[in-house]
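Since the structure comes first, as structure tokens, the remarks are kept for the end.
The values are calculated or read from the model by the stated rules, or taken from the named source; none is laboratory data. Keep in mind it's a predicted model, so treat the numbers as computed, not measured. Ideal geometry is used to build each Cβ from the backbone, glycine not excepted, and the neighbour counts take in all protein chains shown. Ligands, DNA and RNA are excluded from the accessible area calculation, which covers all protein heavy atoms including side chains. Shrake-Rupley method; radii C 1.70, N 1.55, O 1.52, S 1.80 Å.
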Amino acid sequence: MKEGEEEKTKTYSALIWTNKAIQKKDIDFQNDVKDLKIDQKTPLRVLHRRPLAVRTRIIHSMETRYVDEHHFRLYLKTQAGTYIKEFVHGDFGRTKPNIGSLMNVTADILELDVESVDVDWPPALDD
């Protein structure tokens, strides 16, 4: 399982809250984002069990659905190992860029669901 980890992708659904009122047009730009590189320092919430490091991860795609003036649903396809909660709120500047910085708002995540884990398994056997 560890061998395919770098190629593995995960698909998520998240409900996002913003402190400023938004309109549908304020989130539409995210639908065009492809292969966004982000740098993530080890999140504060896991720092007690993981070494401090900066990891570059890829957000392969994003899709948004407007809910109301303070909420939208975000669908993400990411490289395995991406910290989704921190990608949304930024973790005090430890994840760059993040949804909050991209939208120039304070953003937080209210719900997070893993929709799928995509990995080639089992690996092909050599003849």
Checklist entry - Before we move on, is residue 45 open to solvent by 90 Å² or more (accessible area, probe 1.4 Å), part of a loop (DSSP other than H, G, I, E, B) and on the phi < 0 side of the Ramachandran plot? => result no
Checklist entry - Restricting attention to region 48-72, which residues are open to solvent by 50 Å² or more (accessible area, probe 1.4 Å), assigned to a strand (DSSP E or B) and either under 25 Å from residue 21 (Cβ atoms) or without any contact (Cβ under 8 Å) to a residue 12 or more places away in the chain (or both)? => result 63, 65, 66, 67, 68
Next on the checklist: With the requirement that a residue be among the small types (Gly, Ala, Ser) and farther than 14 Å from residue 99 by Cα, what does region 21-70 give you?
Outcome noted: 21, 53
Item to check | Subset of region 25-40 (residues that are surrounded by 15 or more Cβ atoms within 10 Å (Cβ to Cβ) and under 14 Å from the mean Cα position of the chain (by Cα)) | outcome: 30, 33, 36, 38, 40
Checklist entry - Has region 80-90 got at least one residue that is of a type outside the set (D, E, K, R), without any contact (Cβ under 8 Å) to a residue 12 or more places away in the chain, in a loop (DSSP other than H, G, I, E, B) and open to solvent by 30 Å² or more (accessible area, probe 1.4 Å)? => result no
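Does region 5-24 hold any residues that are in a strand (DSSP E or B) and open to solvent by 30 Å² or more (accessible area, probe 1.4 Å), and which are they?
10, 11, 17
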Checklist entry - Among the residues of region 94-127, which ones are modelled with pLDDT of 95 or more, in a loop (DSSP other than H, G, I, E, B) and either exposed (fewer than 12 other Cβ atoms within 10 Å of the Cβ) or in contact with a Ser or Thr (Cβ under 9 Å, 6 or more places away or on another chain) (or both)? => result 94, 104, 105, 106
